[in-house]
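Everything below concerns the one structure shown next.
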Amino acid sequence: MAQSEAIPGVILAGGLSSRMGQDKARIRLGGLSLIDRAARRLRPQVSALAVNANGPVLFEEGEELPVFADLDASRSGPLGGVLAALDHARRFHPEASHVATVPTDSPFFPADLVARLAEAVDRPERIVAARSASGPHPVFALWPFALMDDLAAWLAGGGALRVRSYLERHQAREVAFPAVETPRGAFDPFFNINTPDDLDAAENWLWILER
């Protein structure tokens, strides 16, 4: 079992955000950028926090975080960000066994995400990812340092870029998270903002969830 208080975290902000037409990390929800929302939600759950991004990141004053880019310019999707996260965490937090990752565009993820994922780690090379009623959420995961070289070889050798393909290869474990009950009905905590309509919906949910 991994100790959640010893797990560093990384926010993956290297995507192209093509459906939003702008950098998701800078989009504001309830007056706060998505990158800062993700940071505020993840920071209490991890031992240290950084951001993977392939360009400049704007933070609220006083909330700046270390930022590092993918290891190459091949744009190998979320797995490229995971590889960079593993490299960064292994260099700066060698005492840890795993790094936790979350994306920028799911601002309501559970406050006990890392602790519950850590409980499911049964060996050093185990990947553990989140699931909810809407399906798997493979970028919300704990990634073991022990698989860094394997992932690098997978990407260099032309392995599938889908995160789920890599998780299936290593028989990753999944942890199921329940819906949040609200006056408006059940809400998936991994609600994802991909389009302007999703952002409008997120504003409505924010008002309900923070009442």
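Using the structure shown, decide if Phe109 is among the aromatic types (Phe, Trp, Tyr) and surrounded by fewer than 20 Cβ atoms within 10 Å (Cβ to Cβ). So Phe109 does not fit the description; no. Looking only at residues of the range 177-186 that are more than 19 Å from the chain's Cα centre (by Cα) and not polar (S, T, N, Q), we find that the one that is surrounded by the fewest Cβ atoms within 10 Å (Cβ to Cβ) is Pro183.
A search for C-beta distances below 9 Å between a residue of the range 28-48 that is touching a residue at least 40 places away in the same chain (Cβ under 8 Å) and open to solvent by less than 50 Å² (accessible area, probe 1.4 Å) and any residue that is part of a helix (DSSP H, G or I) and among the hydroxyl-bearing types (Ser, Thr, Tyr), counting only pairs 6+ apart in sequence or on different chains, returns Gln45/Ser4; Val46/Ser4. Summed over the range 63-116, residues that are closer than 26 Å to Leu209 by Cα and of a type outside the set (Asp, Glu) total 15. For the range 126-141, a tally of residues being farther than 15 Å from Asp112 by Cβ, open to solvent by 10 Å² or more (accessible area, probe 1.4 Å) and touching a His at 6+ places or on another chain (Cβ under 9 Å) returns 1. So Phe190 fits all but one of (1) out of contact with any helix residue (DSSP H, G or I) (no Cβ under 9 Å at 6 or more places or on another chain); (2) farther than 17 Å from Val102 by Cα; (3) of a type in the set (A, V, I, L, M, F, W, C); what number is the exception? Only one criterion in (1) out of contact with any helix residue (DSSP H, G or I) (no Cβ under 9 Å at 6 or more places or on another chain); (2) farther than 17 Å from Val102 by Cα; (3) of a type in the set (A, V, I, L, M, F, W, C) is unmet by Phe190, namely (2). A count restricted to the range 172-192 and to residues that are out of contact with any Pro (no Cβ under 7 Å at 6 or more places or on another chain) and either modelled with pLDDT under 95 or more than 29 Å from Asp70 (Cα to Cα) (or both) stands at 12.
Considering the range 187-211, the residues that are within 16 Å of Phe109 (Cβ to Cβ) and in a loop (DSSP other than H, G, I, E, B) include one that is most open to solvent (accessible area, probe 1.4 Å), namely Glu210. Leu151 fulfils the conditions (1) of a type in the set (A, V, I, L, M, F, W, C); (2) farther than 20 Å from Gly81 by Cα; (3) out of contact with any strand residue (DSSP E or B) (no Cβ under 6 Å at 6 or more places or on another chain); (4) at pLDDT 95 or above except for a single criterion, (2). Which residue, of Glu168, Glu119, Glu125, is touching a Pro at 6+ places or on another chain (Cβ under 7 Å) and over 17 Å from Leu12 (Cα atoms)? Within the list Glu168, Glu119, Glu125, the selection yields Glu125.
The values are calculated or read from the model by the stated rules, or taken from the named source; none is laboratory data. Everything quoted here is computed from the prediction, not taken from an experiment. Glycine gets a Cβ as well: all are built from the backbone with ideal geometry, and neighbour counts include every protein chain shown. With ligands, DNA and RNA removed, areas are computed over all heavy atoms of the protein, side chains included. Shrake-Rupley method; radii C 1.70, N 1.55, O 1.52, S 1.80 Å.
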